[in-house]
Amino acid sequence: MPTLYLTCGLPGSGKTTLAKQLEEELPALRLTADEWLHELYPDISTPEAELGPFRGRVERIQWPIAVRALKLGCNVVLDWGVWGKEERDLYRAAAREIGARVVLCVLDPPIGELWRRLSRRNEDRPFGAFESTPPVGAVLRAVGVARSLCA
């Protein structure tokens, strides 16, 4: 039975690292929106990627690919974050409707670890990664939101 893996967590929590591991070990088709955003819109800024229409466009393209792969019996990793319960429920229901299992992968490292990872990622910035430098207050609020939503 094919499985849909949904990653959930803050920037720097390890979603893409886990998605890449699952892609190789299972194997699975990995759909990482950030990489597609960089490929399609090379000059896109972090705010444009997060707040503009671009991410939604990429995810609307990736989701039917995920469904088709699941129907063909392939495992799929959606490396999107999926913080909202309604959003996760939508993807869970759609995957189960076509006979796939669903696994929610919640990544919740301590705030100090998040800052360390984000700092290192901002210095090295691999392809597909956006700069992450939110204000401290916003991060602390987001941690509380993410921890309550990613359940």
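The values are calculated or read from the model by the stated rules, or taken from the named source; none is laboratory data. Since this is a predicted model, take the numbers as computed values, not measurements. No Cβ is skipped: glycine too gets one built from the backbone with ideal geometry, and neighbour counts run over all protein chains shown.
Figures for the structure shown
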read-out: Exclusive hit being at pLDDT below 95 and surrounded by 17 or more Cβ atoms within 10 Å (Cβ to Cβ), set S13, S45; value: S13
read-out: Inter-residue pairs, beta-carbon under 8 Å, first free of Cβ contacts under 8 Å to residues at least 24 places away in the same chain and in the range 54-71, second of a type outside the set (K, R) and in a helix (DSSP H, G or I), 6+ apart; value: F54/L37; F54/L40; F54/E48; R55/A33; R55/L37; R55/A49
read-out: Qualifying positions in the range 110-125 - closer than 15 Å to L18 by Cβ and loosely packed, with under 15 Cβ neighbours inside 10 Å; value: E113
read-out: Residue that is farthest from the chain's Cα centre (by Cα), among those in the range 22-63 that are over 19 Å from C74 (Cα atoms) and of a type in the set (F, W, Y); value: Y41
read-out: Pick from the range 62-92, criterion under 12 Å from L4 (Cβ atoms) and of a type in the set (G, A, S), ranking: surrounded by the fewest Cβ atoms within 10 Å (Cβ to Cβ); value: A69
read-out: G144 vs. criteria loosely packed, with under 13 Cβ neighbours inside 10 Å and either modelled with pLDDT of 95 or more or under 23 Å from G14 (Cβ atoms) (or both); value: yes
read-out: Failed item in (1) within 29 Å of S119 (Cβ to Cβ); (2) surrounded by 14 or more Cβ atoms within 10 Å (Cβ to Cβ), with A95 passing the rest; value: (1)
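Yes or no, residue by residue, for (1) among the β-branched types (V, I, T); (2) in contact with a His (Cβ under 9 Å, 6 or more places away or on another chain); (3) modelled with pLDDT of 85 or more:
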site	(1), (2), (3)
V58	yes, no, yes
K71	no, no, yes
R96	no, no, yes
A129	no, yes, no
G137	no, no, no
C150	no, no, no
